[in-house]
Amino acid sequence: MKPSTSTSRIANTFAQLQAAGRKALIPFVTAGFPEKSTTTELMHAMHAAGADIIELGVPFSDPSADGTTIQQAGDVALANGTGLVQVLEYVHEFRQRNQTTPVVLMGYANPIERYDQLRSAGAFVRDAAAAGVDGLLVVDYPPEEAQALQVQLRAHGMDLIFLLAPTSTEARMAQINEVASGYVYYVSLKGVTGSKALDTAQVAETLPRIRQHVQLPVGVGFGIRDAETAKAIAQTAKADAVVIGSRLIELLRDNPGEQAGIAAVCTFLRDVRQAVDA
């Protein structure tokens, strides 16, 4: 596999999992949802429940890849006063007790560019590295526009992660391989997050084609809603990682109260962890 950034926690995590014959479990939650006070404790709880890498969604008012569930969570988080500054604070707090679990920020270009506008060029990457962020997935940064960001991130030992889709051409896969590090995130369907139309057979057919051009671990997400599907993606389709987001947001939404929501998420993740490892 293509090496990740040399000091990357992400590279170390995938190397350890590969040596143990295991697959990564990557939960996604929206920072600041359902309450600002929930995020850091939820991150620790998800790690304890079996998460290998944590994707933390940066709330944004105009998302293009997120379905209704994550859109609504982002709206709540924004109303709670969660912006990029607060997201970095959550990561910094998490790092006070956990120095090993990778944290990836997933979001959009606008908040990052605005952050630098208000401070200085490169301020976001510098501050994210100081907070303990390990990787960045910017949905609306294509590889053609990401070279400068890639250079900044690698200088700070951080990874730049890209999405691939069922419509991605082989030329696009090779292009992304040139700039990506950490892992690539395969969007398993033509649609937005939270869809219930995932086709495991199609994923199993596509992953070998991706691996002909991409020398990084491949995570699969968008549409994984239960332990059985997660197991099929990890074992039948042979993904390197399983990414679950919308279902966790639903559990937080449908179990009012901070502790009830966290408990529901962790029960779900433990079931998924057991299935993926079975």
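The values are calculated or read from the model by the stated rules, or taken from the named source; none is laboratory data. None of the values given here were measured: they were computed from a predicted structure. Positions of Cβ are backbone-derived with ideal geometry, glycine not excepted, and every protein chain shown enters the neighbour counts.
Suppose we keep only residues that are in contact with a Lys or Arg (Cβ under 8 Å, 6 or more places away or on another chain) and in a loop (DSSP other than H, G, I, E, B) within the stretch 76-124. Which one would you say is surrounded by the most Cβ atoms within 10 Å (Cβ to Cβ)? Looking at the filtered set, the residue picked out is 102.
Across the stretch 242-260, the number of residues qualifying as in a loop (DSSP other than H, G, I, E, B) and either out of contact with any helix residue (DSSP H, G or I) (no Cβ under 9 Å at 6 or more places or on another chain) or free of Cβ contacts under 8 Å to residues at least 40 places away in the same chain (or both) comes to 3. Restricting attention to the stretch 46-54, does a residue exist that is assigned to a loop (DSSP other than H, G, I, E, B), touching a Leu at 6+ places or on another chain (Cβ under 8 Å) and modelled with pLDDT under 95? No, because not a single residue in the stretch 46-54 is assigned to a loop (DSSP other than H, G, I, E, B), touching a Leu at 6+ places or on another chain (Cβ under 8 Å) and modelled with pLDDT under 95.
With respect to being surrounded by fewer than 23 Cβ atoms within 10 Å (Cβ to Cβ) and among the small types (Gly, Ala, Ser), residue 24 falls outside the description. For the subset of the stretch 192-207 comprising residues that are in a loop (DSSP other than H, G, I, E, B) and among the hydrophobic types (A, V, I, L, M, F, W, C), which member is modelled with the highest pLDDT? Result: 198.
Collect the residues in the stretch 130-144 that are surrounded by fewer than 18 Cβ atoms within 10 Å (Cβ to Cβ) and charged (D, E, K, R), keeping them in residue-number order. Within the stretch 130-144, 140, 144 meet the criteria.
Okay, residues lined up against (1) more than 18 Å from residue 106 (Cβ to Cβ); (2) part of a helix (DSSP H, G or I); (3) under 20 Å from the mean Cα position of the chain (by Cα); (4) not acidic (Asp, Glu):
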site	(1), (2), (3), (4)
154	yes, yes, yes, yes
209	yes, yes, no, yes
214	yes, no, yes, yes
220	no, no, yes, yes
223	no, no, yes, yes
229	yes, yes, yes, yes
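Taking the criterion of being of a type in the set (A, V, I, L, M) and part of a helix (DSSP H, G or I), the residues of the stretch 261-278 that qualify are 262, 263, 264, 265, 269, 272, 275, 276. Go through the residues of the stretch 167-188 one by one and say whether even a single one is of a type in the set (D, E, K, R) and within 22 Å of residue 85 (Cβ to Cβ). Looking through the stretch 167-188, none of the residues is of a type in the set (D, E, K, R) and within 22 Å of residue 85 (Cβ to Cβ). Taken over the stretch 34-89, the criterion of being touching a Gly at 6+ places or on another chain (Cβ under 8 Å) and of a type in the set (D, E, K, R) is satisfied by 36, 55, 66.
Take the conditions in contact (Cβ under 8 Å) with a residue 60 or more places away in the chain and outside any strand (DSSP E or B) and apply them to residue 73. Does it pass? Don't jump to the end; show me each part of the working.
Working: in contact (Cβ under 8 Å) with a residue 60 or more places away in the chain: yes; outside any strand (DSSP E or B): yes.
Yes, satisfied.
Considering only residues that are over 19 Å from residue 70 (Cα atoms) and either of a type outside the set (Val, Ile, Thr) or at pLDDT 95 or above (or both), which ones fall in the stretch 234-262? Hits for the stretch 234-262 are 234, 235, 237, 238, 239, 240, 241, 259, 260.
Just so you know, in the stretch 145-175 the residues that are crowded, with 19+ Cβ neighbours inside 10 Å and among the small types (Gly, Ala, Ser) include one that is nearest to residue 208 (Cα to Cα), and it is 168.
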